[in-house]
Amino acid sequence: MKRKTRMWSNLSAKIASIPMLITAVGVFILCVAYSIALSFTPSRYFPKFDFIGFDQYIRLWTTDRWTISVYNLLIFGVLFIGFCLVIGFILAVLIDRNIRMEGVFRTIFLYPYALSFVVTGLIWQWMMDPALGIQNVVRNLGWESFNFAPLTSTEYAIYGVVIAAVWQGTGLIMCLMLAGLRGIDREIWKAARVDGIPLWRTYVFIIIPMIRPVIVTAVVLKAISVVRVYDLVVAQTGGGPGIATEVPAKFVIDHFTERGNVAIAMAAATMMLLPVLLLVGPWVYNEYVRRARA
Amino acid sequence: MTQTQNAVARGRKPKKMSPARYGLYGLLVISATFFLTPLYVMIVTSLKTLDEVRLGKLFALPETVTFDAWIKAWSSACTGVTCEGISPGFVNSVQITVVSVIISVMLGAVNGYALSFWRYRGANVLFGILVMGAFVPFQAVIYPLIVFQREIGIFGSLAGIVMVHCIFGMPIITLIFRNYFASLPEELFKAARIDGAGFWQIFVRIMMPMSVPITAVAVILQTTGIWNDYLLGLVFGGRDNQPMTVQLNNIVTTSYGVREYNVNMAATILTAAVPLAIYFLSGRFFVKGIAAGAVKG
Amino acid sequence: MTHGVSIRDLSLSFGSLSVIDTLNIDIQEGEFLVLLGPSGCGKSTLLNVIAGLLEASDGEVWISGRNVTWEEPKDRGIGMVFQSYALYPQMTVEKNLSFGLQVSGMAKAEIAKRVARAAEVLQIEPLLKRRPAELSGGQRQRVAIGRALVRDVDVFLFDEPLSNLDAKLRAELRVEIKRLHQKLSNTMIYVTHDQIEAMTLADRIAIMKGGVLQQLDTPQTIYSRPANRFVAGFIGSPGMNFLNVELVEGEHPVFMIGSTFIPATGYSFDSKGFKAGPVTFGVRPEHVATGEAAEKLPFSIDVPIEVIEPMGADTLVWSRFEGQEFTFRIDSEHDFRVGDQVRIGFDPARASVFDPNGDRL
């Protein structure tokens, strides 16, 4: 009897949670499981459940386009996250130094974040245009040997993508870091001044360690967006020149759409999922599940 | 030495603009230039004639301001097979965004409310899965969703793309509302229950009126997010529901013969206009949305 | 003669908002001065100006005979203890104590010596390897004091150091700070809004309100001869009774309240002297006697009891004196009941009288 009343007591709440239940279980568990299952099959255009073990994974890792994609992602990820963190932190510090027109600068640094990756990619594609872009302007000024057309070179194109991504994403990091800095007890600053600790040392030895949680959050967020990077590359380089700026996300989409190879696409998607789970699992557990219980 | 100083040291120390201060503003201005230049270039390029663009003066102001490129981008540029400009994409994006935002914010609000006040068994686990979902790469989920939508026959329709946006928006919106409701005093909820109010009554009469600011944050976050989406629109939009971002990319990539840079930039501005307007008009809410929805990356 | 700290014509304003207005305080070497006042009275601001963390708009700050108005905090010869402790959270206690010295380039041996001494004085030796997060509130505050101590300075500044602690710990640390002052005999300036802390710790108290110094005197004088109505009301708990009375001249001047006359002969008027007219007559609840004792005092009257509040050590009684609210303290062993008429009495010599402007007469 008691159990029954408990079951009925928040029935409305349970009914209202059905869409959430379907999304959480149906999409984020079943769909993911379905994708992973497909990676062990020989599916081409349509799903076909004959299990063939790890064949697709072996093929995947012997495919140049995939290994280049992964390599690009690593370079892109390290540079993008590194630059975002460093520049974002410096900008946050500058803004936090009690400056005039703080609001104006903050607005300027953050607005690219409101733009889509497609827009970002197209703007920077134009800025980096070899014939009419920045390179041309500088050369016309008299510096004939100036080179700044990374998108035309297989070697440097990925760095062009990094620049665009940093331009778009640094504002967010600045925002997070600024919130972190503003959250620091003002008396810490006073104590450091009374102790006679120079500003840069205060930042390096006291403030940065204090905002470590913010930095961790920033890295996790950026790492996630690195794994997902797709539209930026599609818009800015289309993966080229050749396959020089291919990325895993694009590999997956291309393979299950135009290339009609669902199984290898799903193997690639599973590979993308892996680092996310390893990286985010503990973080989510820590931030949401454990804290909710406490 | 101290003696002479003593005689004058009174009140405020005379301010000298220190070198460090100059350096600080110098760095700020340089950074601001880096962030503003692309916007500037985009705008001036779109206002030039194609002949002037070809002169290669990227940073120069247009000699004669013309909106021809804008008009062409809006109504007659080619987006693949058709040449109707980007306006059909605008209409599609508005449709997709409005419907998706309304449904996903409502769902998220109900979820957040149920999770924070009606803690039934398994609520934490459910929420944990949902938050993890915010991080799952779309690529790991998209294909099964395509298969599913084909089965029930909504693939490529407005309903299909709205559903996908609701699914991928749910974790973050739920999170925002849950955190907001968790910050409200529990007594409020208890008092309402003692007064005999039920699940929906409390939600509609008490919680929603208190949630106007956070709803605004959620709406802004979702609007910019969905408007800026490319991947989901490309895959799920079918032929009739391609959003503006997809058509924009088509305009730029499908240029026969001459590349019309001014038209491309005009189309880019038109696509960027909505999120930019939201950003500049809503400032504080946008930043709040970022803080709350930072997980979206 | 050199003072420990000397504040001369100090003013501070933010735009049109004046926070400190032409303030003058001389603090003796080795003196314990408490800055007391309600929040927003400028006491913390003043301390920050002394520390050099805020710039004065006008006036001078002298420390140990030097004009330090334009000097950096680290060069002023001060140590400071903050309300939030402001310990560096990622450093051990030892590192917290030594970091400032290290940065200033002091020799390792000297640093070790100073840290050891501070740790000994404050009895925090066992905590040296821990981090602030692993310490209790009281321990953290000790470390914060230690950080000021290792700087080996003449002047200690305390900015509400005990406000974040619970009542019991606050009382303990209060005594410790007093011991510390006796042992070190440095000049100490201590900001608080807690009158008990002020009364117990201070050699002298400076009471501030709205950026203006109200009274600067020993705790006893401030308690028994408050310079104005604000000070009288701020010090003492429960607060002083204020009766609106009429001061009437004559051979035997009296305070007239309704149909009652309180003799004014015993009251020693301030230099400002006697001024007939409406005045405020202040009596502390603890200066009121009841029953037989009341009869022996120069003034006594019957009043009705309205509310009785037992407070443990004693009991507070709310009554009405010629229609005006009046409280007094009695022993907790009593047999009063609400509604009773009771005889109360007090000595006008111990009262405080204020003119309509609030200044002491």
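The values are calculated or read from the model by the stated rules, or taken from the named source; none is laboratory data. Everything quoted here is computed from the prediction, not taken from an experiment. Quick reminder, even Gly has a Cβ in these numbers, built from the backbone with ideal geometry, and neighbours come from all protein chains shown. Ligands, DNA and RNA are stripped out before the accessible areas are found, and what is left, the full protein with its side chains, is counted by its heavy atoms. Shrake-Rupley method; radii C 1.70, N 1.55, O 1.52, S 1.80 Å.
Enumerate the calculated ³J(HN,Hα) couplings along segment C:24-40 in order (Karplus 6.51 cos²θ - 1.76 cosθ + 1.60, θ = phi - 60°), each rounded to whole Hz, writing x wherever the residue is Gly or Pro.
10, 9, 10, 10, 5, 5, x, 7, 9, 10, 10, 9, 10, x, x, 5, x
How large is the charge dipole for segment C:5-234, taken about the Cα centre, if only the Cβ atoms of Lys, Arg (+1) and Asp, Glu (-1) carry charge, to the nearest 20 debye? Present the calculation step by step, with values, prior to reporting the outcome.
Working: 27 positive and 27 negative charges, 162 e Å.
For segment C:5-234, the charge dipole is close to 780 debye.
If you take the Cα Rg of the protein assembly as shown and divide it by 2.2 N^0.38 Å, with N the number of residues, what do you get?
Values: Rg = 36.8 Å, N = 952, 2.2 N^0.38 = 29.8 Å.
For the protein assembly as shown, the normalised Cα radius of gyration is 1.24.
Return the calculated 222 nm mean residue ellipticity for chain B, to the nearest 500 deg cm²/dmol, obtained by summing -39500 (n - 2.57) across DSSP H runs with n ≥ 4 and dividing by the residue count.
Values: 13 runs with 206 residues, N = 297.
Theoretical 222 nm ellipticity from helices: -23000 deg cm²/dmol.
Return the lysines within reach of C:LYS178: Cα separation strictly under 21 angstrom, same-chain partners fewer than 8 residues apart disregarded; answer none if there are no such residues.
Cross-link targets: C:LYS43, C:LYS168.
Return the sequence-ordered ³J(HN,Hα) values of segment C:51-57 in whole Hz as given by the Karplus equation 6.51 cos²θ - 1.76 cosθ + 1.60 applied to θ = phi - 60°, using x for Gly and Pro.
6, x, 7, 10, 9, 6, 7
Hey, could you get me the Stokes-Einstein D for segment B:18-66, Kirkwood radius over alpha-carbon pairs, 4 °C and 1.567 mPa s, rounded to whole µm² s⁻¹? Show your work: numbers first, answer last.
On the way: Rh = 12.4 Å.
After rounding, the answer is 104 µm²/s.
What trypsin sites (Lys or Arg not before Pro) does segment C:251-356 have in DSSP loop regions with at most 15 other beta carbons within 10 Å? Walk me through the numbers on the way to the answer.
Values: sites: C:LYS272, C:LYS275, C:LYS296, C:ARG320, C:ARG329, C:ARG337, C:ARG343, C:ARG350; in loops: C:LYS272, C:LYS275, C:ARG337.
Here the sparse-neighbourhood loop sites are C:LYS272, C:LYS275, C:ARG337.
Accessible area, 1.4 Å probe, largest first: how do C:LYS178, B:LYS57 sort? Could the numbers behind the result be given before it?
On the way: C:LYS178 80, B:LYS57 115 Å².
The residues order as B:LYS57, C:LYS178, largest area first.
With point charges of +1 on the Cβ of Lys and Arg and -1 on the Cβ of Asp and Glu, referenced to the Cα centre of segment A:64-293, which listed residue (A:ILE123, A:ILE95, A:GLY242) lies farthest in the positive direction of the dipole?
A:ILE95
Expressed in whole Å with the largest first, what are the equivalent ellipsoid semi-axes of chain B derived from the C-alpha gyration tensor as the square root of 5 times each eigenvalue? Mind dumping the intermediate values first?
Details: eigenvalues 329, 293, 47 Å².
Values for chain B, descending: 41, 38, 15 Å.
Give the calculated FRET efficiency between C:ILE196 and C:GLN28 to the nearest 0.05, with a Förster radius of 25 Å applied to their Cβ-Cβ distance. Don't skip to the answer; put the middle values down first.
Numbers: r = 23 Å, r/R0 = 0.93.
E between C:ILE196 and C:GLN28, to the nearest 0.05, is 0.60.
Taking amide H positions as placed 1.01 Å from N in the peptide plane, with prolines and chain starts having none, which residues 5 or more places from B:THR79, or on another chain, fall under 5 Å of its amide H?
B:GLU84, B:GLY85
Once amide H atoms are built 1.01 Å from N in the peptide plane, which residues 5 or more positions from C:VAL342, or in another chain, come under 5 Å H to H?
C:VAL303, C:ILE305
Please sort by residue number the GluC sites (Glu not before Pro) in segment A:228-288 whose DSSP state is loop and whose Cβ has at most 16 other Cβ atoms within 10 Å. Mind dumping the intermediate values first?
On the way: sites: A:GLU246, A:GLU258, A:GLU287; in loops: A:GLU246, A:GLU258.
Those satisfying the criteria are A:GLU258.
Quick check: the distance between the Cα centres of segment A:99-139 and segment C:1-46, to the nearest angstrom?
The distance from the Cα centre of segment A:99-139 to that of segment C:1-46 comes to 52 Å.
If you line up the long axis of helix C:108-122 against the longest principal axis of chain C, both from Cα atoms, how many degrees apart are they, to the nearest 10?
30 degrees
Could you work out what % of the accessible surface of chain B is carbon and sulfur, using a 1.4 angstrom probe and leaving DNA, RNA and ligands out of the count? The partial results should precede the final answer.
Details: 8620 of 13060 Å².
Of all accessible area on chain B, carbon and sulfur atoms account for 66 percent.
Rounded to the nearest 10 Å², what accessible area does B:TRP200 show when all protein chains are kept and the probe is 1.4 Å?
Only protein atoms counted, so the area is about 120 Å².
Tell me, how many Å apart are the Cα centres for segment C:62-141 and for segment C:176-227?
Using only Cα atoms, the two centres lie 24 Å from each other.
Over the whole of C:79-87, what's the average partner chain Cβ count within 10 Å per residue? Rounded to a whole number, please. The partial results should precede the final answer.
Details: counts 2, 6, 3, 7, 2, 6, 4, 10, 4.
Rounded to a whole number, the mean comes out at 5.
Within segment A:65-130, list the trypsin sites (Lys or Arg not before Pro) lying in a DSSP loop whose Cβ has at most 11 other Cβ atoms in a 10 Å radius.
Values: sites: A:ARG65, A:ARG97, A:ARG100, A:ARG106; in loops: A:ARG97, A:ARG100.
Answer by residue number: A:ARG100.
Sum -39500 (n - 2.57) across every DSSP H segment of at least 4 residues in chain C, then divide by the residue count to get the 222 nm mean residue ellipticity, nearest 500.
Numbers: 9 runs with 91 residues, N = 361.
Rounded to the nearest 500, it is -7500 deg cm²/dmol.
P(r) for segment C:1-156, please, calculated from all Cα pair distances in 5 Å bins and given in %.
2, 9, 17, 18, 17, 15, 12, 8, 3, 0, 0
Over what distance in Å are the Cα centres of segment B:230-247 and segment B:14-66 separated?
33 Å
By DSSP, what percent of the beta bridges with both residues in the protein assembly as shown are antiparallel, rounded to the nearest 5? Show your work: numbers first, answer last.
Working: 60 of 78 bridges.
Restricted to the protein assembly as shown, the bridges split so that about 75 percent are antiparallel.
If DNA, RNA and ligands are ignored and the probe is 1.4 Å, what is the ranking of C:LEU17, B:LEU234, A:LEU199 by accessible area, most exposed first? Can you show the working numbers first?
Values: C:LEU17 110, B:LEU234 60, A:LEU199 85 Å².
My answer, sorted largest first, is C:LEU17, A:LEU199, B:LEU234.
Per residue of segment C:305-315, in order, report the coupling 6.51 cos²θ - 1.76 cosθ + 1.60 (Karplus, θ = phi - 60°) as ³J(HN,Hα) in whole Hz, putting x for Gly and Pro.
8, 9, 9, 10, 10, x, 10, x, 4, 8, 10
Under 29 Å Cα to Cα from B:LYS48, which lysines show up? Leave out anything in the same chain fewer than 8 places away.
Those lysines meeting the cut-off are B:LYS57, B:LYS72.
Quick check for me: using +1 on Lys/Arg Cβ and -1 on Asp/Glu Cβ, what's the dipole size of segment A:152-294 about its Cα centre, in debye to the nearest 20? Mind dumping the intermediate values first?
Working: 13 positive and 9 negative charges, 142 e Å.
Dipole size: approximately 680 debye.
Can you give the charge dipole size of segment C:241-354 about its Cα centre, rounded to the nearest 20 debye, using +1 on the beta carbon of Lys and Arg and -1 on the beta carbon of Asp and Glu?
Numbers: 9 positive and 18 negative charges, 74 e Å.
Once rounded to the nearest 20, the dipole reads 360 debye.
Where does helix C:137-149 land angle-wise versus the long Cα axis of chain C, in degrees 0 to 90, nearest 10?
Long axis of C:137-149 versus the principal axis of chain C: about 60 degrees.
Projecting each Cα onto the charge dipole of the protein assembly as shown (Lys/Arg +1, Asp/Glu -1 at the beta carbon, about the Cα centre), which of B:ALA277, C:ALA51, A:GLY142 comes out farthest on the positive side?
Final value for the positive-end residue is A:GLY142.
Mind pulling the per residue volume of the convex hull built on the Cα atoms of chain C? Å³ is fine. If you can, show how the numbers build up before the last one.
Values: hull volume 62.0 nm³, N = 361.
Cα convex hull per residue, to the nearest whole number: 172 Å³.
Can you list which of the DSSP-assigned H helices in chain A have a Cα extent of 30 Å or more along the long axis and an average Kyte-Doolittle score of at least 1.6? Walk me through the intermediate numbers first.
Values: long enough: A:64-96 (46 Å, 1.88); A:157-182 (38 Å, 1.63); A:262-284 (31 Å, 2.17).
Span-like helices, by this rule, are A:64-96, A:157-182, A:262-284.
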